[in-house]
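> First the structure, then my questions, so here it is.
What follows draws every value from the coordinates through simple rules; no lab data is involved. If you're wondering where the values come from, they're calculated on a predicted model, not measured in any experiment. Please note: Cβ atoms are built from the backbone with ideal geometry, for glycine as well, and neighbour counts cover all protein chains shown.
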Amino acid sequence: MESENEVVGEMERELEEMRECYRSGGTREASWRKSQLKGLLRLLREREEEIFRALHQDLGKHPVEAYRDEIGSLIKSVNYALDGLKRWIAGNKAKLPRIALLMNAKIVPEPLGLVLVISSWNFPIGLSLEPLIGALAAGNAVVLKPSELAPECSSLLANAIPLYLDDKAVKVIQGGPGIAERLLHRKWDKIFFTGSARIGRKVIAAAAEHLTPVTLELGGKCPAVIDTLSSSFDRKVAVQRVLGAKFSSSAGQACIGVDYVLVEKKFSSALVELMKVAMKKMFGENPRESRSVTRIVNKHHFLRLRSHLLDPLVKSSIVYGGLMDEENLFIEPTILMDPPLQAAIMMDEIFGPLLPIVTLNKIEDSIEFISSRPKPLAIYVFTKDESLRRNMVSKTSSGSVVFNDAIIQYLADTLPFGGIGESGMGRYHGKFSFDTFSHQKAVVRRSFLVDFWFRFPPWNDHKLQLFRSSYHYDYLGIVLTVLGLKRTNGVPKSI
Amino acid sequence: MAGAAREDGKPIDSKAALSLVAELRGAFASGTTRSYQWRESQLRGLLRMTDDHEQDIAAALRSDLGKPELESILYEVAMLRNSCKLALKELHHWMMPEKVKTSLTTFPSSAEIVSEPLGVVLIISAWNYPYLLSLDPVVGAIAAGNAVVLKPSEIAPATSALLAKLLGEYMDNSSIRVVEGAVAETTALLEQKWDKIFYTGNGKVGRIVMAAAAKHLTPVVLELGGKSPVVVDSGVNLQIACRRIIVGKWGCNNGQACISPDYIITTKDLAPKLVDVFKSELETFYGKNPLESKDLSRIVNSNHFTRLTKLLDEDKVSNKVVYGGERDPTKLQIAPTILLDVPRDSLIMNEEIFGPLLPILTVDKLEESYHIINSGSKPLAAYIFTNDKKVKEHFVKNVSAGGLVVNDTTIHLAVHTLPFGGVGESGMGAYHGKFSFDAFSHKKAVLYRSFMGDAAIRYPPYTDGKLRLMKALLGGSILGILRAIFGRS
């Protein structure tokens with residue numbers, strides 16, 4: 001077993017080699033970027049079984065969930081990047097005012113250099129590779145540090161990535177908080193972090209030492225506001241989507257999972273009944289046997305979730321579920337009705353299969369409820385009411401807002417995915433991934449042919465007037481002044 | 001009163017800073033700053049303020065920096081005016097949500113990106129373009145609908161006081177405030193929770209700002225600096241090249257500008273001719289006695305004067321002066337100075353000069369410039385004068401800087417369709433034009449779905465059939481989807 005010092009020494013060498021590799025220019029070529037993306041595609045296709053096994057071992061994740069949330073989503077994203085790559089690399093021309101004679105301007109995206117991606121344990125393949133897609137498409141060299149809390153997936157990535165990608169420019173460094181700490185204090189050209197706000201603060205504080213830009217994908221308590229829907233079809237769909245977003249995506253251990261529900265008092269009991277029916281349909285009488293609910297990742301998180309239910313006022317609010325199996329790290333999908341708002345379950349991000357329902361007098365009160373709390377990564381609103389829709393968008397702030405569904409925004413390549421305030425900074429997905437790992441360099445070209453002679457000292461009123469005109473794009477003014485036909489607005493005499 | 005201190009005249013401390021932020025949060029929460037009308041009225045206020053007080057502004061700049069009137073009007077007043085006018089013209093458009101296409105994976109749905117203000121933002125300005133660098137970011141912050149606290153630089157005290165007075169008179173004090181002061185006041189402000197911090201200045205303080213922001217997960221824009229190199233190739237009109245370099249260097253606050261040409265790299269063959277042309281052009285512009293010229297800003301204060309003379313007087317550097325070198329401590333003035341082939345490890349080549357000293361480094365072949373440039377940290381700007389297409393392309397591809405200009409210097413600042421910002425040590429984030437609006441906005445993703453179009457395959461109980469169908473759907477192939485539905489894949 002290598003000592004940590006040896007590991008660190010080796011790490012330093014590897015990083016220096018990677019910088020050299022980047023400096024040699026190989027990663028900037030479009031052909032290299034394309035080959036890396038295609039390599040990822042092959043990895044996902046050829047290693048699918050292994051990935052299913054690793055996710056099952058680390059989290060008890062069912063292959064359908066694994067495909068829906070991780071593998072399938074990644075394949076979609078790689079294809080989107082391959083499709084857009086040429087266009088993205090080309091950059092954009094910038095419009096110029098007509099007075100800018102014989103000049104052209106454009107924005108040229110360039111890679112940042114050597115970037116660090118720190119991933120999370122709940123979607124250990126997805127959250128490692130999705131940022132990687134952007135970093136590679138943008139032409140960077142990348143170090144990936146997967147989460148040690150999903151060790152099988154971490155190993156899989158460490159073994160597979162060197163076989164499918166350029167191992168001089170893309171490396172996986174495994175390890176726990178000690179290694180992460182060491183990595184954070186190196187100089188990077190960008191750090192991309194997915195995880196908790198507590199660690200997020202450490203990441204940006206470490207980045208500040210080197211003026212390293214960061215993207216932080218954090219979390220929060222994502223509410224699902226369920227309006228009193230009149231159609232029973234709509235009600236069933238809303239319930240299914242909310243429960244699916246809570247319990248069938250990593251058992252609620254998801255940054256964009258539904259954390260809690262807000263509903264009007266008068267609709268709440270009907271809602272709970274509908275939920276119970278839907279729960280039975282999705283998870284059967286014995287959810288533990290259904291294999292459709294992910295495990296809690298480890299004992300620490302299991303105990304954390306269990307402690308929520310130790311509060312007697314919280315425990316007494318359980319209306320469905322509540323079974324906990326410490327040996328198998330299993331918590332059955334649980335619904336609670338109006339637990340005390342001061343309880344930990346209502347203050348901290350739950351990140352588990354416990355769904356509190358909070359009742360309000362009017363559904364419009366949900367706006368105040370949400371805005372008086374830290375800004376979440378997403379707000380989900382199930383309603384057909386136009387005015388509630390408008391107010392939700394304009395009166396609350398969150399990474400995103402989704403109407404009549406949940407989590408699905410993760411799949412949209414054209415929408416930026418990121419947080420605000422406590423839920424994070426920066427964004428990715430689609431072209432936003434490419435941009436987040438690029439520097440948008442401004443490039444202006446001039447010819448030697450034309451120069452406004454009045455650019456140069458010594459200064460006088462005449463030149464000042466010409467400048468005034470040119471700054472106002474007042475072509476006629478320029479012509480007249482040059483011809484001596486316009487009175488000049490002189491330099492203030494009082495100075 | 002938008003003024004600096006509290007009512008009792010004491011400088012702002014932590015407690016006062018906390019209550020200032022709380023007050024502005026209250027104002028922001030009331031929704032005042034979000035309306036188009038408010039933003040438009042504030043921008044018009046800035047415009048009127050600038051128009052009405054052009055003379056006062058030029059006077060303050062003359063007092064703080066000895067800045068020539070033309071530079072003040074041009075680079076500070078006119079540019080700020082243009083910023084306001086552009087924002088006023090485009091505000092409606094900028095405020096509109098951006099519709100985006102959606103794909104099969106979220107079908108049926110519609111989506112848009114909505115720009116919303118961040119909340120209460122802090123803008124910390126610099127001393128070299130104290131009017132412009134204070135208000136240009138404020139234009140962006142207001143256009144985006146935020147409440148703003150501006151902290152101008154204390155090293156330009158006349159401008160700082162003028163800003164405090166004028167913003168107090170012309171702007172809505174419930175949401176826009178100026179806090180004057182130095183390190184203590186800035187520290188008190190940095191302890192608070194802001195929704196964004198915009199800082200213009202140097203890398204040392206930039207790190208302090210980002211570390212303070214880290215505590216509150218506050219995003220930042222840092223507009224810093226660096227050593228902006230100018231590569232001069234042969235086969236160019238040297239007179240034009242020199243003029244453009246001179247204007248970018250001494251014509252911009254006497255070299256005290258973040259994007260001023262810092263040093264030149266040229267071939268050994270070209271260097272003597274280049275130096276001659278510089279000498280002749282400099283004399284044309286500033287006369288035989290440049291210390292007397294009214295067209296040069298002075299050095300801002302004695303600290304910087306001492307710093308610059310130290311760079312000049314270093315052993316092995318002082319004998320490399322080929323033009324200029326005169327200084328007048330009473331006037332805080334240093335003449336335009338050119339040095340030839342100073343040692344690479346000298347002080348002058350290892351910190352941002354920010355003054356009227358221009359070292360010229362010579363190389364055998366122009367290609368060697370890249371090694372020199374890339375061995376330092378990424379600057380805010382880099383320039384090249386060449387007529388060779390290949391050389392141009394190579395430069396653009398291989399030099400990383402905030403912005404590049406071919407055959408001129410500094411003008412990219414005035415192109416509002418280009419993002420203005422640094423990379424690496426020269427900063428993070430960008431602004432100008434719509435980029436200012438974006439820098440102070442949160443781009444919120446909004447996805448609208450209907451209750452129709454739900455696929456049972458999304459939900460448990462999970463089966464192999466669902467897995468096949470899911471693969472087909474995410475893979476996007478119609479044939480694949482049909483096969484999966486009919487159970488044939």
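> Can you give the % of DSSP beta bridges in segment A:69-171 that are antiparallel, to the nearest 5? Mind dumping the intermediate values first?
Numbers: 3 of 10 bridges.
The antiparallel proportion sits near 30 percent.
> Counting Lys +1, Arg +1, Asp -1, Glu -1, what net charge surrounds A:Leu55 among other residues with beta carbon under 14 Å of its beta carbon? Spell out each step's value before the answer.
On the way: positive: A:Arg47, A:Arg53, A:Lys61, A:Arg68, A:Arg291, A:Arg295; negative: A:Glu48, A:Glu49, A:Glu50, A:Asp58, A:Glu65, A:Asp69, A:Glu70, A:Glu152.
Taking every Cβ under 14 Å from that of A:Leu55, the sum is -2.
> Give me D for segment A:20-167 in µm² s⁻¹, whole number, from Stokes-Einstein with Rh from the Kirkwood sum over alpha-carbon pairs, 10 °C and 1.306 mPa s. Numbers along the way, then the final one.
Details: Rh = 16.6 Å.
It comes out at roughly 96 µm²/s.
> Now for a separate question. For a Förster distance of 41 Å, can you work out the FRET efficiency between the beta-carbons of A:Phe233 and A:Glu17, rounded to the nearest 0.05?
Values: r = 60 Å, r/R0 = 1.46.
Working from the Cβ atoms, E equals 0.10.
> Do the alpha carbons of any pairs in B:Lys378/B:Lys444; A:Lys431/B:Lys204; A:Lys168/B:Lys389; A:Lys93/A:Lys463; A:Lys93/B:Lys227 sit beyond 29 Å of each other, and which pairs? Intermediate values should be presented prior to the final figure.
Values: B:Lys378/B:Lys444 32 Å; A:Lys431/B:Lys204 33 Å; A:Lys168/B:Lys389 33 Å; A:Lys93/A:Lys463 31 Å; A:Lys93/B:Lys227 27 Å.
Where the Cα-Cα span goes over 29 Å, the pairs concerned are B:Lys378/B:Lys444; A:Lys431/B:Lys204; A:Lys168/B:Lys389; A:Lys93/A:Lys463.
> Determine the sum of side-chain charges near B:Pro272: Lys and Arg each +1, Asp and Glu each -1, restricted to other residues whose C-beta is under 13 angstrom from that of B:Pro272.
Numbers: positive: B:Lys268, B:Lys273, B:Lys279; negative: B:Asp269, B:Asp276, B:Asp341.
With Lys, Arg at +1 and Asp, Glu at -1, the neighbours total 0.
> Hey, another quick one. Given the alpha-carbon gyration tensor of segment A:78-163, what are the semi-axes of its equivalent ellipsoid in whole angstrom, ordered largest first, with each equal to the square root of 5 times an eigenvalue? The partial results should precede the final answer.
Values: eigenvalues 284, 28, 22 Å².
Working through the eigenvalues yields semi-axes of 38, 12, 10 Å.
> Something else now. Would you work out which of A:Pro63, A:Ser35, A:Asn104 lies farthest towards the positive end of the dipole of segment A:14-130? Charges go on Cβ: Lys and Arg +1, Asp and Glu -1.
A:Asn104
> How would you classify chain A from its alpha-carbon gyration tensor, with a ≥ b ≥ c the square roots of the eigenvalues: rounded for a/c under 1.5, else prolate if a/b is greater than b/c, otherwise oblate?
Values: a/c = 2.46, a/b = 1.52, b/c = 1.62.
Oblate is the answer for chain A, as a/c is 1.5 or above yet b/c matches or exceeds a/b.
> So what's the angle, to the nearest 10 degrees on a 0 to 90 scale, between helix B:238-249 and the longest Cα principal axis of chain B?
70
> A further question on this structure: For the protein assembly as shown, what is the percent of antiparallel DSSP beta bridges, rounded to the nearest 5?
On the way: 38 of 116 bridges.
Of the beta bridges lying entirely in the protein assembly as shown, close to 35 percent run antiparallel.
> Considering amide H positions built from the backbone, and no H for Pro or chain starts, which residues 5 or more places from B:Val231, or on another chain, come under 5 Å of its amide H?
Those lying under 5 Å, H to H, from B:Val231 are B:Ile265, B:Tyr383, B:Ile384, B:Phe385.
> How large is the Rg to Rh ratio of segment A:1-97 when both quantities use alpha carbon positions and Rh follows Kirkwood?
On the way: Rg = 19.1 Å, Rh = 16.9 Å.
A ratio of 1.13.
> Let me ask another. Mind listing the long-range amide H neighbours of B:Lys151? Cut-off is under 5 Å, sequence gap 5 or more, other chains count too, H placed in the peptide plane at 1.01 Å from N.
B:Ile123, B:Ile124, B:Ser125, B:Val179
> May I have the pair-distance distribution P(r) for the protein assembly as shown, computed from all Cα-Cα distances with 10 Å bins from 0 and rounded to whole percent?
Per 10 Å bin, starting at zero, the Cα-Cα P(r) for the protein assembly as shown comes out as 2, 11, 20, 22, 19, 13, 8, 4, 1, 0 percent.
> Can you run phi through the Karplus equation (6.51, -1.76, 1.60; θ = phi - 60°) for segment B:56-67 and list ³J(HN,Hα) in whole Hz, with x for Gly and Pro?
Going residue by residue, I get 5, 5, 4, 5, 5, 5, 5, 5, 6, 10, x, 6 Hz, with x marking Gly and Pro.
> Sequence-distant or interchain residues sharing an amide H contact under 5 Å with B:Ile176, placed H: which?
Hits under the 5 Å cutoff: B:Val148.
> Sticking with this structure for a sec: Can you give me the Cα centroid spacing of segment B:23-85 and segment A:163-232 in angstrom?
Going from one Cα centre to the other spans 38 Å.
> Sticking with this structure for a sec: Starting at the first residue of segment A:40-52, write each ³J(HN,Hα) from the Karplus equation 6.51 cos²θ - 1.76 cosθ + 1.60 with θ = phi - 60°, in whole Hz, x for Gly and Pro.
Couplings: 4, 4, 5, 4, 5, 6, 6, 9, 3, 4, 4, 5, 4 Hz.
> What does the helix-only formula give at 222 nm for chain B: each DSSP H stretch with n ≥ 4 adding -39500 (n - 2.57), the total divided by the residues, and the result rounded to the nearest 500 deg cm²/dmol? Kindly include the intermediate steps, with their values, before the conclusion.
Numbers: 16 runs with 195 residues, N = 489.
Rounded to the nearest 500, it is -12500 deg cm²/dmol.
> Sticking with this structure for a sec: Could you grab the relative contact order for chain B? Cα pairs under 8 Å, six or more apart, rounded to a whole percent.
On the way: 936 pairs, mean separation 86.7, N = 489.
Averaging sequence separation for qualifying contacts and normalising by length gives 18 percent for chain B.
> Starting at the first residue of segment A:412-424, write each ³J(HN,Hα) from the Karplus equation 6.51 cos²θ - 1.76 cosθ + 1.60 with θ = phi - 60°, in whole Hz, x for Gly and Pro.
In residue order, the calculated couplings are 7, 6, 9, 10, x, 10, x, x, 8, x, 5, 8, x Hz.
> May I ask for the angle, rounded to the nearest 10°, between helix B:79-95 and the longest principal axis of chain B, with both axes built from Cα atoms and the value confined to 0 to 90°?
10
> Quick one: which of B:Lys101/B:Lys466; A:Lys34/A:Lys441; A:Lys190/B:Lys316; A:Lys187/B:Lys67; A:Lys106/B:Lys99; B:Lys151/B:Lys434 span more than 30 angstrom between C-alpha atoms? Can you show the working numbers first?
Working: B:Lys101/B:Lys466 27 Å; A:Lys34/A:Lys441 22 Å; A:Lys190/B:Lys316 38 Å; A:Lys187/B:Lys67 39 Å; A:Lys106/B:Lys99 24 Å; B:Lys151/B:Lys434 23 Å.
Over 30 Å apart, Cα to Cα: A:Lys190/B:Lys316; A:Lys187/B:Lys67.
> Another question about this same structure. Please arrange B:Asp136, A:Asp83, A:Asp338, A:Asp234 by how many other C-beta atoms lie within 10 Å of their C-beta, fewest to most.
The order, fewest Cβ neighbours first, is A:Asp83, A:Asp338, A:Asp234, B:Asp136.
> Okay, moving on. Take the Cα pairs of segment A:234-291, get the Kirkwood Rh, then feed it into Stokes-Einstein at 4 °C and 1.567 mPa s and tell me D in µm²/s. The partial results should precede the final answer.
On the way: Rh = 12.1 Å.
Once the numbers are plugged in, D ends up at 107 µm²/s.
> Enter the Cα centre distance for the pair segment B:406-442 and segment B:118-195, rounded to the nearest angstrom.
19
> Moving on to the next point. What spacing in nm lies between the two simple spin-label points modelled at A:Glu29 and A:Ile318, each 7 Å away from Cα in the Cβ direction?
Placing both labels 7 Å beyond Cα along the Cβ direction yields 6.1 nm.
> Let me ask something else. Quote the charge dipole size of the protein assembly as shown about the Cα centre in Debye, to the nearest 20; the model charges only the Cβ of Lys and Arg (+1) and of Asp and Glu (-1). Display every interim value, and only then the final one.
Values: 121 positive and 109 negative charges, 476 e Å.
Here the protein assembly as shown has a charge dipole of around 2280 debye.
> Rounded if a/c is under 1.5, else prolate if a/b is larger than b/c, else oblate: which is segment B:220-295, with a ≥ b ≥ c the root eigenvalues of its Cα gyration tensor?
On the way: a/c = 2.62, a/b = 1.18, b/c = 2.22.
The shape class here is oblate.
> Per residue of B:79-86, how many C-beta atoms from partner chains lie within 10 Å of its own C-beta, taken as a mean? All intermediate terms of the calculation are to be shown ahead of the outcome.
On the way: counts 1, 0, 3, 3, 0, 0, 1, 0.
Rounded to a whole number, the mean comes out at 1.
> On to the next question. Nearest 10 degrees is fine. How inclined is helix B:464-475 to the longest principal axis of chain B, computing both from alpha carbons?
Value to nearest ten degrees: 40.
> Which shape class applies to chain B: rounded if a/c is under 1.5, otherwise prolate when a/b exceeds b/c and oblate if not, where a ≥ b ≥ c are the square roots of the Cα gyration tensor eigenvalues?
Details: a/c = 2.41, a/b = 1.40, b/c = 1.71.
Cα axes put chain B in the oblate bin.
> Work from the charge dipole of segment A:252-337 (Cβ charges, +1 for Lys and Arg, -1 for Asp and Glu, about the Cα centre) and give the residue of A:Gly322, A:Val258, A:Met337 farthest towards its positive end.
Toward the positive end, the furthest listed residue is A:Val258.
> Here is a further query. DSSP loop (so not H, G, I, E, B), at most 14 other Cβ within 10 Å: list which trypsin sites (Lys or Arg not before Pro) in segment B:260-345 pass both filters.
Numbers: sites: B:Lys268, B:Lys273, B:Lys279, B:Lys288, B:Lys294, B:Arg298, B:Arg307, B:Lys310, B:Lys316, B:Lys320, B:Arg327, B:Lys331, B:Arg344; in loops: B:Lys268, B:Lys288, B:Lys294, B:Arg298, B:Lys316, B:Lys331, B:Arg344.
Hits after loop and neighbour filter: B:Lys268, B:Lys288, B:Lys294, B:Lys316, B:Lys331, B:Arg344.
> Taking B:Lys294 as the anchor, which aspartates and glutamates have their alpha carbon closer than 17 Å to its alpha carbon, excluding any fewer than eight residues away along the same chain?
Output for B:Lys294: A:Asp461, B:Asp64, B:Glu69, B:Glu71, B:Glu281, B:Glu283, B:Glu326, B:Asp328.
> Separation of segment B:263-320 and segment A:65-121 by C-alpha centroid, Å?
Spelled out, the Cα-based centre of one part sits 43 Å from the other.
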